[in-house]
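Heads up: the structure comes next, in structure tokens.
The values are calculated or read from the model by the stated rules, or taken from the named source; none is laboratory data. On a predicted model such as this, the values are computed, not experimentally measured, just so you know. As a convention, Cβ positions derive from the backbone with ideal geometry for all residues, glycine included, and neighbour counts pool all protein chains shown. Heads up: the accessible areas ignore ligands, DNA and RNA and are worked out on the full protein's heavy atoms, side chains in. Shrake-Rupley method; radii C 1.70, N 1.55, O 1.52, S 1.80 Å.
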Amino acid sequence: ESLGKMVKDYYKDKSVDSVARDSTAISAREKPVNKKKDVKPLPQRKRGRPKKGQEREKKSLTVLEQQGILPLHEAIGGLPSSCAWGCKKNSQGNLTYWKGYKLHLDVTEEGIPVSAIITGANVHDSQCAIPLERMTEQRINFRSTLMDSAYDAKSISQFVRGRGRIPIIDHNPRRKDLREAFDEATKEHYKKRSVVERANSHLKDWLLPEKLLVRGIKKVSFELMCGVICLAAIKILEQFILPSLI
């Protein structure tokens, strides 16, 4: 709430071109609720019609679809927040594992954090896209959202477009579709997404401990959000206040 008030007050009469979204791994010394083997990516399900004699399961609303309907506090509250094992692919395409949490962050193109959600490490990035979109739109006006291929889901794109904004999401190679590649203008715009990666690096290098020693989501959230609020204050001072004094 403190972060939201700070950003909302600062951007009261301003408009932002784009918001960049990403998550970062947070290691912790705490007993996880799952096992390391449980977080390995599942093999893709075979597509096609069911076998003779089998009935197709009735589709219910997905988690992403429910997040667009539920009250915001319920959508966020439904995300797992206990310490857990998590895994992701690094830049070389290899799986890396860690035990702890994830910090999901929205930042402006100046690198100012706008919204943050803390979950267990086993929560996929896409599960926080819609709650973050809803949090951020309450605080600032922005025209587009920049996300990497982890957020490449139809429900996310439709939700962002339904709010009158443009989703610029890197195509996930696992999705076999006929979408056209980004044009040159979109490619240049998408490069601005690196600002959230720099924000995460700044947090982990200077404002957060290498490994959390506190336990429980309340204490973890307090420690992480202190770092995020400090980063917001630093960026506002650096980008807007100090230049006016020179």
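Only residues in region 1-29 that are more than 22 Å from ARG193 (Cβ to Cβ) count as the first member; pair them with residues that are acidic (Asp, Glu), Cβ under 9 angstrom, at least 6 apart or cross-chain, and list the lot.
Pairs found: SER27/GLU210.
Mind telling me which of the residues LYS191, LYS218 ends up being part of a helix (DSSP H, G or I), under 23 Å from VAL33 (Cα atoms) and not hydrophobic (A, V, I, L, M, F, W, C)?
Residue meeting the stated conditions: LYS218.
How many residues are more than 25 Å from THR136 (Cα to Cα) and assigned to a loop (DSSP other than H, G, I, E, B) if we restrict to region 69-91?
So the count comes out to 3.
Looking at region 134-149, which of the residues that are in contact (Cβ under 8 Å) with a residue 40 or more places away in the chain and part of a helix (DSSP H, G or I) is least open to solvent (accessible area, probe 1.4 Å)?
Out of the qualifying residues, it is THR136.
Out of all the residues in region 63-97, which are out of contact with any helix residue (DSSP H, G or I) (no Cβ under 6 Å at 6 or more places or on another chain) and either charged (D, E, K, R) or modelled with pLDDT under 90 (or both)?
Within region 63-97, GLU74, LYS88, LYS89, ASN90, SER91, GLN92, GLY93, ASN94, LEU95 qualify.
Testing GLY77 on (1) open to solvent by 10 Å² or more (accessible area, probe 1.4 Å); (2) under 13 Å from the mean Cα position of the chain (by Cα); (3) not polar (S, T, N, Q), one condition comes back false. Which one is that?
Only one criterion in (1) open to solvent by 10 Å² or more (accessible area, probe 1.4 Å); (2) under 13 Å from the mean Cα position of the chain (by Cα); (3) not polar (S, T, N, Q) is unmet by GLY77, namely (2).
State the number of residues belonging to region 88-112 that are closer than 17 Å to ARG29 by Cα, open to solvent by 10 Å² or more (accessible area, probe 1.4 Å) and within 15 Å of the chain's Cα centre (by Cα).
Residues flagged as closer than 17 Å to ARG29 by Cα, open to solvent by 10 Å² or more (accessible area, probe 1.4 Å) and within 15 Å of the chain's Cα centre (by Cα) within region 88-112 amount to 1.
Any residue in region 106-117 that is farther than 13 Å from ALA233 by Cβ and among the hydrophobic types (A, V, I, L, M, F, W, C) sitting within a Cβ distance under 6 Å of a residue that is modelled with pLDDT of 95 or more and in a strand (DSSP E or B)? List the pairs, counting only those 6 or more apart or interchain.
What qualifies is VAL107/ALA20; VAL107/PRO113; VAL114/ASP106; ALA116/LEU105; ILE117/HIS104.
Output the residues belonging to region 1-24 that are open to solvent by less than 70 Å² (accessible area, probe 1.4 Å) and in a helix (DSSP H, G or I).
LEU3, GLY4, MET6, VAL7, TYR10
Given the conditions (1) more than 20 Å from SER201 (Cβ to Cβ); (2) out of contact with any helix residue (DSSP H, G or I) (no Cβ under 8 Å at 6 or more places or on another chain); (3) not acidic (Asp, Glu), and given that LEU132 satisfies all but one, which numbered condition is not satisfied?
(1)
Counting just the residues of region 185-221 that are open to solvent by 100 Å² or more (accessible area, probe 1.4 Å) and either of a type in the set (Phe, Trp, Tyr) or within 19 Å of the chain's Cα centre (by Cα) (or both), which one comes out nearest to ILE168 (Cα to Cα)?
Filtering first and then ranking leaves LYS191.
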